[in-house]
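The values are calculated or read from the model by the stated rules, or taken from the named source; none is laboratory data. Note that the structure is predicted; figures quoted are calculated from it, not measured. All Cβ positions, glycine included, derive from the backbone under ideal geometry; neighbour counts span all protein chains shown. These accessible areas exclude ligands, DNA and RNA; they are computed on the full protein's heavy atoms, side chains included. Shrake-Rupley method; radii C 1.70, N 1.55, O 1.52, S 1.80 Å.
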Amino acid sequence: MKEHELTLGEELRRQGISRRSFLKFCAGVASTMAIPATMVPAMAASLAQARRQSVIWMSYQECTACIESLTRSFAPTVENLIFNFISLDYQHALQAAAGRQAEEALHNAMEENRGKYLVIVDGSIPLKDDGVYSTVDGHTNLESLREVAAGAAAIVSIGTCACYGGVGAARPNPTGAVGVDQIITDKPIVNVPGCPPIPEVMTGVLTSFLTFGQLPEVDHLKRPLAFFSDTIHDRCYRRPFYDQGKFAKSFDDEGARKGWCLYELGCKGPIAHNACATLKFNQGVSWPVQSGHGCLGCSEPDFWDKDSFYKPLSAGQWGSAEGIAIAAAAGVALGAASAVMSRKNQDKISGGK
């Protein structure tokens, strides 16, 4: 039997990876994907029977941050992901081949796995002037995307640029940049936005596809619900200060030093859907708000053009006036109520002495 025909379970056993370690990995992914623990054995059984998945990664108008983020994944590591769980048949930054050999590898993977390979795309696709602003091997990104998508089983758009156009589509959008799903409409697509995305979100989506043979459940923007159903605000450790009406007024005032809410300094956490507050970056070390900077809302469409990163949320840019008014007023109202209750409690204590 050829190596690429082995099941995942056979390949893991060949490399000396124990069933215990495999079950531990499955439990970790299940937890990340909000899959019940009772499903772990079935998930492991299904994953063990999977064949190595052919993955073709296309990079268009991008900055390489998305693949850089993936290489910093630790659950699983990129080495495990590439060599144990998928067959990464084409990726500009990681492959050894270059030039004609690289393009031959791409077309060979497309032909050998037609209808079965998974396409990952990072970077926006320019449409203006027939897409001449970004080409590879003499072909525009638009031509390339349509060709590779034709034989794909599904597509994963990685990063805000591939999902919505990102920085390339920011005003005045000189290249006419768009996201993948504005071009490809006849294939299953999941969007994993972020600038860059959290690596464990990317690996979680890929592992989910390997396990169940389909992309995970998504929201109205095609984002996986397991990672994008909650807002940053919902999970933020600074949320209690928001509820108390305690806001930093500058990045170096007393409130900032005490870790108060950054809402008034432009944090877009109340409207940004992502898993940053729970998964974090750099192997769970930190994330922007923990490092003292407000959320930019980079997982939302057109975040580059929605006013200053350092102004509080404004209606017309980030949503309805009613929704933002509620979000803005809630912290102040709760804070005032909390202060009143605190004073009453202090009065009772003082009166009782």
Taking the Cα atoms only, what angle lies between the long axis of helix 321-351 and the longest principal axis of the chain, rounded to 10 degrees? 40 degrees
Given charges at beta-carbon only (K, R positive; D, E negative), |dipole| of the range 22-178 in Debye: 580 debye
Remind me, what semi-axes does the range 177-307 give for its equivalent ellipsoid, largest first in whole Å, using sqrt of 5 times each Cα gyration tensor eigenvalue? 31, 16, 12
Selected from Val78, Val55, Ala105, residue furthest toward positive end of dipole (the chain; charges at beta carbon): Val78
quick shape note, the range 20-127: Cα extents on principal axes in Å, largest first -> 47, 29, 27
Rounded to 10°, Cα long-axis angle of helix 199-212 versus longest principal axis of the chain: 50 degrees
Selection from Ser31, Leu206, Leu94 lying farthest towards where the dipole of the chain points positive, charges on Cβ: Ser31
Given a Förster distance of 41 angstrom, what is the FRET efficiency for Ser291 paired with Ala102, based on the Cβ-Cβ distance and rounded to 0.05? 0.65
Could you state the accessible area per residue of the chain in Å², with a 1.4 Å probe and every protein chain left in place? 48 Å²
Nearest 500 deg cm²/dmol is fine: what mean residue ellipticity at 222 nm does the chain get from its DSSP H runs of n ≥ 4 alone, each adding -39,500 (n - 2.57), divided by its residue count? -10500 deg cm²/dmol
Expressed in Å to one decimal, the Kirkwood Rh of the range 1-52 from all distinct alpha-carbon pairs is 11.4 Å
For the chain, whose charge dipole is built from +1 on Lys and Arg Cβ atoms and -1 on Asp and Glu Cβ atoms, the candidate among Leu221, Ser314, Pro270 with its Cα farthest towards the positive end is Pro270
What label, among (i) 120, 58, 39; (ii) 70, 57, 43; (iii) 84, 55, 32, belongs to Cα extents along the principal axes in Å computed from the structure on display? (iii)
Only bridges with both residues in the chain count here: give the DSSP antiparallel percent, nearest 5. 35 percent
Counting only protein heavy atoms, what percent of the accessible surface of the range 89-174 is carbon or sulfur at a 1.4 Å probe? 49 percent
Of the heavy-atom accessible surface of the range 1-63 (probe 1.4 angstrom), what whole percent is carbon and sulfur? 54 percent
For the chain, which cysteines have no disulfide-compatible partner, meaning no other cysteine Cβ under 4.7 Å? Cys26, Cys63, Cys66, Cys161, Cys163, Cys236, Cys261, Cys267, Cys276, Cys295
Just to be sure I understand: with springs between alpha-carbon atoms less than 10 Å apart, which residue in Asn191, Asn141, Asn108 has the highest mean-square fluctuation in the Gaussian network model of the chain? Asn108
In the range 185-297, carbon and sulfur make up what percent of the accessible area (probe 1.4 Å)? 51 percent
Quick one: length gained pulling Glu147 to Ser314 fully straight, 0.36 nm per residue minus the C-alpha distance? 56.0 nm
If I fit a long axis through the Cα atoms of helix 19-32 and take the longest principal axis of the Cα atoms of the chain, what angle between them do I get, 0 to 90°, rounded to 10? 50 degrees
GNM of the chain, Cα pairs under 10 angstrom: of Met58, Met202, Met39, the biggest fluctuation goes to Met39
To the nearest 20 debye, what is the magnitude of the charge dipole of the chain about its Cα centre, counting +1 on the Cβ of each Lys and Arg and -1 on the Cβ of each Asp and Glu? 1720 debye
Calculate the tail of P(r) for the range 57-214: the fraction of all Cα-Cα distances greater than 22 Å, expressed in %. 37 percent
Would you please put 9-19, 95-105, 160-170 in order of how densely packed they are, using the mean number of other Cβ atoms within 10 angstrom per residue and starting with the highest? 160-170, 9-19, 95-105
